Amino acid sequence: MAAERRARPGGRAARGGRLPWRRSLLVRLLAASITIAVCSVAATAWLAARTTTSALQREQGQVLADDARIYDTLMGYAAEHTDWSAVRPALARLAERTGRHITLTTQDRRPVAVSGPASQDLPTKASALVDPLRADPALLPGVQADGIDPRAVGPYRLPDAERKQLSHLARTLRACLRGTGFSAGVTEGASGRPSLVMTGDTGIQRKVGEVCGVFALDTPTRTEKRALDRLNALVGGCLKRQRLDPVVVGLGFAPAESVSEPVRRCVDTARREQLAPYVAPPVLLFVASPAGSPAAPGFDLSSANTAKVAGVAALVLVLTLAVTVTVGTRLVRPLRALTDAARHPTQEHLRVPVTTHDEIGHLAAAFNDLSERRERLEEQRKAMVSDVAHELRTPLTTIRGWLEAAQDGLADSDEAFVAALLEEALLLQHIVDDLQHLAQADAGRLRLHAEPLNPRDLLDQVAAAHRGRAETAGVTLTTRSEDTPSLYADPARLRQTVGNLLSNAIRHTPAGGTVTLGCRGEGAEIVIEVVDTGTGIAAADLPRVFDRFWRADRARGRQTGGSGLGLAIVRQLTEAHGGAVTVTSTPDTETVFTLRLPAAPDEALLPR
């Protein structure tokens, strides 16, 4: 017995008792929340310990960014002015924006300009040298190898007339490029000279540029020619003193050919000599914190702060426990209701109240839907058992009655007697075959032997098989077929499907009526329709047409109403082919059953 109890996990709980605490959802949720809270407190403590380092790193990064901004602003001022006489407003704006104390001095430390009071002592080492002809690439990105600030243009600055002329030429060239399907932008340099910016393959740029004459924009203006002549004279004098061959410098400020390092130095020296009268003289830059300003606050892990961290951690734990218990209780209550409802006998079909709109509420609604479906299925099962018994009782009772009459000598075993028994046996066999087809479809064992079919030929075969019955009933049977693609289906099963619909239509069409069998193609589907002018189906009965053993008139017998399984078989066979069947009806006017089947794929039509 002990071994048996050990073999049953969960003991009494598994048979319907209450779960152990260790398996309770509330306990698990509480444990997970406590774990998360402890991890959060630990992370908070670690973050507090790292606060000082992070604050210092951010402060240093901000200081470097402010220093670079100050250096860039002053270099731009020096490149565009010949002295420092008007720099004080710029210094004041920089000091207000960055909170730093800025001082400019000559190289022998004589004050030139100060952002604030001049009483503060200068640092031992200057922050930088502000000289637009010898810029620091580390503090001023974009400076070329010669160290000359691009904003120092001096005699190359274009007057308004030349600037307007070049701007008009640039717009004209850009319009030409756009006409060839090549996009380009126009930028303006510090001297006022516009330039075209093109993207894409270099070779294509060169070809398109030749077509539109883009290189005309590189031609120096009168002002630039004078400046270049002066520059080339200075370069030539330097090269002559060093006994080097002369070179020609263009607007790119580079010799026309590859040159040696001495030639490069001559070009750079000549440029600085040419630009020197147009820029401010070099000054030393001193950047410091304002006098008396407090240091950046850090995190002080003192006893008081430690107590604060511990208090906050305890508060977090308490709040976590309270929230977890509240939320967990709300989660567990509907789950327990679901469990209790599921443990009740299946005959009761209980419902649970839906109190929330979250996942638990959706689960409760799904449980209620499942309970309703179970109830409906149970009713359908009982109805089907009753219908099967009723359908089988009729032919069996007839056969029994004839046999008992023959046994008692009340009926002769002649040809009529045998024919009557055979007819009832065939009816009984028909019911059993229909039930077998439905059972195979429900179990997924309905096998299809698909092959390419011509819908028109199939309809002609079905119509020919039912034409005699239609003539006997006084019903006109016609076929109407259009050019349709081939079907890939089981011919026997599809003939059975269409035959059931056609037989049903003939049965419910009075003498003088018409039944039309047609097919057509609609996109990737084949549509087969059976249209009759019979009694029709009421709108309230349409949803139940394909139910098993259902008849619109319950008083109909097998001779007039069929077994009630034909349309159910039609639906099963159609769905097995990947199609769908629908019905529309106008009572006493027309009823249309529509089969929609997928057309045969191209590979199914290839010879095998």
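A few notes on this one:
- Residue ranking by accessible heavy-atom surface, 1.4 Å probe, largest first, among W84, W402 comes out as W402, W84.
- Alpha-carbon centroids, segment 148-199 and segment 490-542: separation in whole Å: 79
- Fully extending the segment from D414 to V316, taken as 0.36 nm per residue of separation minus the present Cα-Cα distance, adds 25.5 nm.
- Under Karplus coefficients 6.51, -1.76 and 1.60, residue-wise ³J(HN,Hα) of segment 229-240 in Hz, glycine/proline x: 4, 5, 5, 5, 5, 5, 5, x, x, 5, 5, 5
- With both labels modelled 7 Å from their Cα along Cα-to-Cβ, the S183 to E575 distance reads 5.5 nm.
- 3J(HN,Hα) from dihedral phi, segment 486-496, Karplus parametrisation 6.51/-1.76/1.60, rounded to Hz, x for glycine, proline: 6, 9, 10, 8, 7, x, 5, 5, 6, 5, 5
- Cut-off under 5 Å, modelled amide H: who pairs with G116 long-range: I102
- Amide H contacts under 5 Å for V186, placed H, 5+ residues apart: V197
- Each label point was placed 7 Å from the Cα along the Cα-to-Cβ direction; for T594 and V38 their separation is 6.6 nm.
- The label point for H81 and the one for D340, both projected 7 Å from the Cα toward the Cβ, are 8.6 nm apart.
- Residues of segment 488-532 with an amide N closer than 12 Å to a point placed 7 Å from the Cα of R480 along the Cα-to-Cβ direction: 515-520, 529-532.
- Converting phi to 3J(HN,Hα) with the Karplus coefficients 6.51, -1.76 and 1.60 and the offset θ = phi - 60°, segment 514-528 yields 10, 10, 10, 10, x, 8, 7, x, 9, x, 8, 10, 10, 10, 10 Hz in sequence order, with x at every glycine or proline.
- Averaged per residue, segment 70-168 has 54 square angstrom of accessible surface, using a 1.4 angstrom probe with ligands and nucleic acids left out.
- Across all directions, the shadow cast by the convex hull of segment 472-554 built on its C-alpha atoms averages 7.0 square nanometres.
- Modelled label reach - S260, point 7 Å along Cα→Cβ, segment 229-249 residues with backbone N closer than 14 Å: 239-247
- Sites L377 and Q407, calculated FRET efficiency, Cβ-Cβ separation with R0 51 Å, nearest 0.05: 0.75
- Distant-in-sequence amide contacts of T106, defined by a placed amide H-H separation under 5 Å and a gap of 5 or more residues or a different chain, comprise V112, L284.
The values are calculated or read from the model by the stated rules, or taken from the named source; none is laboratory data. A quick note: this is a predicted structure, and the numbers were derived from the prediction, not measured. Note that we place each Cβ from the backbone using ideal geometry, even for glycine, and neighbour counts take in every protein chain shown. The accessibility values were calculated without ligands, DNA or RNA, using every heavy atom of the protein model including side chains. Shrake-Rupley method; radii C 1.70, N 1.55, O 1.52, S 1.80 Å.
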